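Report on the structure given below.
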Amino acid sequence: MPIRPKMMGDTPDELMEVADERDALVDEQVDEIIPAAESPYNVKVLDALASAIAAISKLMGIEVEVESYNEPTSRLDPDVARFLFMIDQAAKDYGSPLPVDLKDIKGDKELTAITAHLKNLVSDKGFKDFLMGGDEPQDMDVEIEVKRGDMDESDDFFMERMR
């Protein structure tokens with residue numbers, strides 16, 4: 001496994017079981033989104049991707065251990081795929097989507113383009129601020145309009161009592 005999240009302290013067994021079940025469900029969904037490669041991915045390409053994902057994960061406050069791939073594979077490691085899916089969503093929300101849609105990954109060329117983009121995101125201070133939630137609160141205008149016809153009998157009773 002090339003990426004393994006570092007677990008904090010003593011996690012209760014029940015919590016670990018629930019987390020494992022949720023991971024399995026997410027893995028199934030991610031497998032449907034990211035297809036198997038047309039030919040096995042090169043080990044160097046996989047290692048570079050795992051390192052870039054680890055760097056972005058660190059920006060998100062998630063410490064991961066990166067292990068080297070031992071052999072080419074046509075399927076991404078479930079942890080790599082899960083993190084890649086999470087980062088893809090964050091990059092889209094930031095306004096800098098990955099250059100290749102995850103469902104369009106066919107081989108090394110696409111993974112290399114994604115890895116280069118991830119490295120650019122790591123060095124983008126705006127992306128780091130975005131992940132951290134920014135320093136300034138976001139102002140939001142909300143308008144609520146209540147029409148007299150929208151009130152029911154209890155509202156009428158309340159309004160009468162207020163007068």
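None of the figures in this text is laboratory data; all of them are computed from the coordinates on show. The structure presented is a predicted model; accordingly, all values stated were derived computationally and were not measured. Please note: Cβ atoms are built from the backbone with ideal geometry, for glycine as well, and neighbour counts cover all protein chains shown.
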Inter-label distance, nm, simple model (7 Å from Cα along the C-beta direction), D93/M60: 1.0 nm
Three-way shape call for the stretch 31-107 based on the alpha-carbon gyration tensor, with the a/c threshold at 1.5: oblate
Two-site label geometry, K109 and S51: point separation in nm, points 7 Å out along Cα→Cβ: 2.4 nm
Additional length obtainable on full extension of the chain from E71 to K44, 0.36 nm per residue less Cα span: 8.8 nm
